[in-house]
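Let me begin by presenting the structure, written as structure tokens, before commenting on it.
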Amino acid sequence: MLVFLWTLPTTLIGLAAALLWIALGAKARIRHGVVEVHGGWLAKRMLHAGGFAALALGHVIIGCSPGVLDQLRTHEHVHVKQAERWGILFIPAYLLAGLWQLLCGRHAYYDNPFEREAFAAEAQPVKACEAHQQRQ
Ligand SMILES: [Zn+2]
């Protein structure tokens, strides 16, 4: 319960994003204690504009398809655990870590320690949504 409350500010941001996704046609489900949102108009935009297939905000994971959510669950649940650990500081810490990597001449995403921990936990980090779409 305390972990849930500690993570709540980040989860509320995730829920606000989820409501926007759902308003534009996405669907929601609960898997492994997390709200998962997938599909809809924004799902295609997040992949093409942002270049990412899934995003974890507290106890909410937004992905471009149910298959991608299944495929990236290990990676995204590392971010859920990070949000539980960092609480309200998670998003600022994540962004500052990426900025620090940039200032040190490294990649803001792939060298971000939060991402490195998530990539270490799973085997297929890149372009999962595109690979999934090609299989369908
Ligand atoms: Zn990640």
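Miscellaneous remarks
- Backbone amide hydrogens, once placed in the peptide plane, bring His59 within less than 5 Å of Thr11, excluding anything fewer than 5 places away on its chain.
- Cα gyration tensor shape for the chain, rounded if a/c is under 1.5, else prolate or oblate: oblate
- Each Cα pair under 8 Å and six or more residues apart adds its sequence gap; the mean of these over the residue count of the chain is a relative contact order of 23 percent.
- Simple spin-label estimate for Lys44 and Ile13 gives 2.8 nm between the two label positions (7 Å along the Cα-to-Cβ direction from each Cα).
- Net length gained if the chain between Ile22 and Met1 were fully extended (0.36 nm per residue, minus Cα distance): 4.9 nm
- Solvent-accessible area, 1.4 Å probe, carbon plus sulfur percent, for the chain: 68 percent
- Heavy-atom accessible surface of the chain, averaged per residue, reaches 56 Å², computed with a 1.4 Å probe.
- Close amide H pairs (under 5 Å, H built 1.01 Å from N) link Arg31 with Glu36, residues at least 5 positions away or on another chain.
- Over all other residues within a Cβ to Cβ distance under 15 Å of Gln101, the charged ones net out to -1, with Lys and Arg as +1 and Asp and Glu as -1.
The values are calculated or read from the model by the stated rules, or taken from the named source; none is laboratory data. Just so we're clear, the structure is a prediction, and the values are computed from it rather than from any experiment. Reconstructed Cβ throughout: ideal geometry from the backbone, glycine too, with neighbour counts over all protein chains shown. The protein model used for the area step is the full one, side chains on, heavy atoms only, and it has no ligands, DNA or RNA in it. Shrake-Rupley method; radii C 1.70, N 1.55, O 1.52, S 1.80 Å.
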